[in-house]
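> Sharing a structure, written as structure tokens. Questions coming.
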Amino acid sequence: MSDALLALSGLSRRFGGLRALEDVDLEAREGEILGLIGPNGAGKSTLFNCLSGHLAVSAGRIRFAGRDVTRLAAARRARLGMARTFQLGKAFQSMTVRENVAAGLGIAAYGSFWRSLAGRASGGARDRRSNAILERFDLRSQAGARVRELPMGVQRRVEAARAFATGPRLLLLDEPAAGLTHGEAEAFAGMVRGVRDAGVTIIVIEHNMTFAMRLAERMYVLVDGRIIAEGPPEAVRADPAVVDAYLG
Amino acid sequence: MDAYLISVMTFIGIWIIMAMSLNLLVGYAGQVSIGHAAFFGIGGYTVAVATVKMGLPFPIDLVLAAVVSGILGGFLGLPALRVRHDFLVLATIGINFIVVAVFQYTPALGGAYGIVGIPPIAIAGVELLGLGMLLLVAAIAVALFVLKALLLKTWFGVRLIAIREDEDAAAAIGINVASTKIWAFVLACGGAGIAGALYARQLGSVFPENFGFVESVTVLTMVVLGGAGTLIGPVIGAIILGGLPEYLRFLHEWRYVIYGLLLTVLVIFERDGLMGPESRLRALLTRLLRRAAAEP
């Protein structure tokens with residue numbers, strides 16, 4: 001499709017004899033919030049790892065923003081505008097919240113050693129951008145705190161803020177509501193919508209079905225490494241194959 | 001000043017350069033190496049060959065030592081692309097043994113007899129002996145300290161810390177992890193080469209046993225004791241561990257027992273090192289400094 005920012009075709013990933021992903025076709029359209037749900041072990045995080053370049057694919061192709069990125073390293077994909085968070089949370093623990101966001105803002109300087117020798121003097125436009133991102137993720141009051149001293153809910157926001165700071169076109173969120181209270185998850189969903197409104201396409205993996213149904217505008221259901229359903233949340237919820245395989 | 005004291009201080013200055021260079025790799029980039037003395041040795045042997053066999057003057061020999069050690073260090077970085085943590089430690093130990101064996105069994109490098117007769121550094125025809133050499137070593141150590149502090153303020157500093165924290169997360173924000181590691185090895189080993197060059201000039205000779213596993217462990221201990229990943233920590237570690245054996249010389253071989261005991265106690269009670277972010281000593285010093293600044 002012409003408005004697909006991301007298109008996967010025939011994507012497969014095997015670990016020895018185990019087929020973690022089998023012939024997956026998926027599209028993310030510019031400006032949508034796409035949900036990817038499935039039971040534990042369905043292959044959701046493996047799919048994200050293949051998408052972001054943290055894991056090589058066994059077969060198939062990944063097109064992002066009009067180019068084939070299947071063989072590109074994770075860092076190259078990130079610099080092309082594909083950002084992500086991780087299921088277990090990977091905010092930089094010894095850095096402060098503000099330093100995490102600043103690390104994301106430096107993406108343009110990470111392409112080569114010589115370019116990264118540029119100083120990262122504070123002040124001016126970069127500080128304003130940093131403050132705006134902290135504000136967006138409700139992190140202003142904790143900006144100076146070390147991440148390792150913060151609760152999990154805040155750490156997840158820090159990681160999302162760092163990913164957003166890279167200026168992505170596509171943001172992959174891996175179980176962002178895991179470990180959050182109901183209130184925190186709701187607040188996080190509001191932030192995700194705000195990020196989409198800022199022009200970022202979002203794919204969110206969620207184990208929490210209610211959260212995913214409320215957040216996503218379109219969904220894919222992955223079971224045993226295969227896509228078994230696709231469509232709006234209501235249609236997916238009513239799909240007999242989904243009910244049978246996932247919702248029980 | 002007493003010639004012996006000057007000599008001890010010169011060697012401490014060389015250890016400071018070594019510890020600072022290793023800290024870039026271990027403390028900031030998170031790549032633990034117990035083979036750093038190999039590059040100390042490569043720097044020393046480069047200067048020995050450059051001066052004794054080729055007659056090259058200072059500072060060409062010093063620059064050559066840094067470049068050769070840095071480039072070979074970049075090759076040491078290659079295993080770090082494939083192995084992490086304990087396996088990387090083993091790989092670096094292996095490299096240290098290989099380099100010492102090359103020194104030992106290469107006739108052109110003097111084999112077990114090493115290379116002797118390395119002339120002292122001369123600037124404008126004046127030989128730097130004693131205090132002159134100490135001042136030169138101190139000036140280079142200060143220059144490298146400032147350079148390192150400036151480097152850590154660049155985006156490359158962020159790249160180093162990010163790969164130490166989490167390589168996958170670093171890649172996810174656009175950091176080329178492999179290139180960051182290789183450059184960390186190049187810079188750290190280049191620094192060790194500079195230390196080795198000064199060591200060879202100070203001692204006037206190089207022997208394979210000067211650059212073995214024990215020296216690698218010693219410099220790593222300096223970094224950890226002082227506080228890996230802090231600017232000042234390795235300097236403090238090098239001063240203590242470089243100076244303590246000399247200070248306790250009157251105890252003869254017993255000084256090593258006290259030295260070991262002190263290390264054990266410090267590592268148990270100050271795991272982050274003396275100058276680490278969680279260190280009690282650092283907190284105490286900060287409090288005292290604040291109090292002093294607050295007093296009229």
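> In the set B:D86, B:D61, which member is modelled with pLDDT under 90 and not polar (S, T, N, Q)?
Only one candidate qualifies: B:D86.
> For region B:178-201, state whether one or more residues are surrounded by fewer than 24 Cβ atoms within 10 Å (Cβ to Cβ), under 25 Å from B:L72 (Cβ atoms), among the polar types (S, T, N, Q) and within 14 Å of chain A (Cβ to nearest Cβ).
yes
> Picking from A:A216, A:A177, A:A198, A:A161, which residue would you name as being of a type in the set (A, V, I, L, M, F, W, C) and loosely packed, with under 15 Cβ neighbours inside 10 Å?
Of A:A216, A:A177, A:A198, A:A161, the one residue that is of a type in the set (A, V, I, L, M, F, W, C) and loosely packed, with under 15 Cβ neighbours inside 10 Å is A:A198.
> Looking only at region B:162-176, which residues are out of contact with any Lys or Arg (no Cβ under 7 Å at 6 or more places or on another chain) and facing another protein chain (nearest Cβ under 7 Å)?
B:A162, B:E165, B:A171, B:N176
> Against the conditions (1) free of Cβ contacts under 8 Å to residues at least 12 places away in the same chain; (2) touching an Asp or Glu at 6+ places or on another chain (Cβ under 6 Å), where does A:A7 fall short? Just the number, please.
All conditions are met except number (1).
> For the condition among the aliphatic types (A, V, I, L, M) and in a loop (DSSP other than H, G, I, E, B), what is the one hit in B:I118, B:I161, B:I98?
B:I118
> Cβ-Cβ under 8 Å, sequence separation 6+ or interchain: first residue in region A:84-107 and among the aromatic types (F, W, Y), partner in a strand (DSSP E or B). Which pairs?
A:F86/A:D174
> Look through region B:67-83, keep the residues that are of a type outside the set (A, V, I, L, M) and without any contact (Cβ under 8 Å) to a residue 40 or more places away in the chain, and return whichever of them is surrounded by the fewest Cβ atoms within 10 Å (Cβ to Cβ).
B:R82
> Between B:L274, B:L241, which is part of a helix (DSSP H, G or I) and among the hydrophobic types (A, V, I, L, M, F, W, C)?
None of the others qualify; the one that does is B:L241.
> Of all residues in region B:32-50, which are farther than 14 Å from B:A19 by Cα and either surrounded by 24 or more Cβ atoms within 10 Å (Cβ to Cβ) or within 13 Å of the chain's Cα centre (by Cα) (or both)?
Across region B:32-50, the qualifying residues are B:G41, B:I42, B:G43, B:G44, B:Y45, B:T46, B:V47, B:A48.
> Taking helices (runs of 4 or more DSSP H) that fall entirely within region A:56-151, which contain at least 2 residues that are farther than 13 Å from B:A171 by Cα and within 14 Å of chain B (Cβ to nearest Cβ)?
Output list reads A:97-105, A:124-136.
> Do we find that A:E186 is free of Cβ contacts under 8 Å to residues at least 40 places away in the same chain, among the charged types (D, E, K, R) and over 25 Å from B:A171 (Cα atoms) in this structure?
When the stated conditions are applied, A:E186 passes them.
> Could I ask something else about it? Tell me which residues, restricted to region A:164-223, are among the charged types (D, E, K, R) and over 15 Å from A:F137 (Cα atoms).
A:R169, A:D174, A:E175, A:E206, A:R214, A:E217, A:R218
The values are calculated or read from the model by the stated rules, or taken from the named source; none is laboratory data. Worth saying up front: this structure is predicted, and the values here are computed from it rather than measured. Using ideal geometry, Cβ is built from the backbone for each residue, glycine included, and neighbour counts are taken over all protein chains shown.
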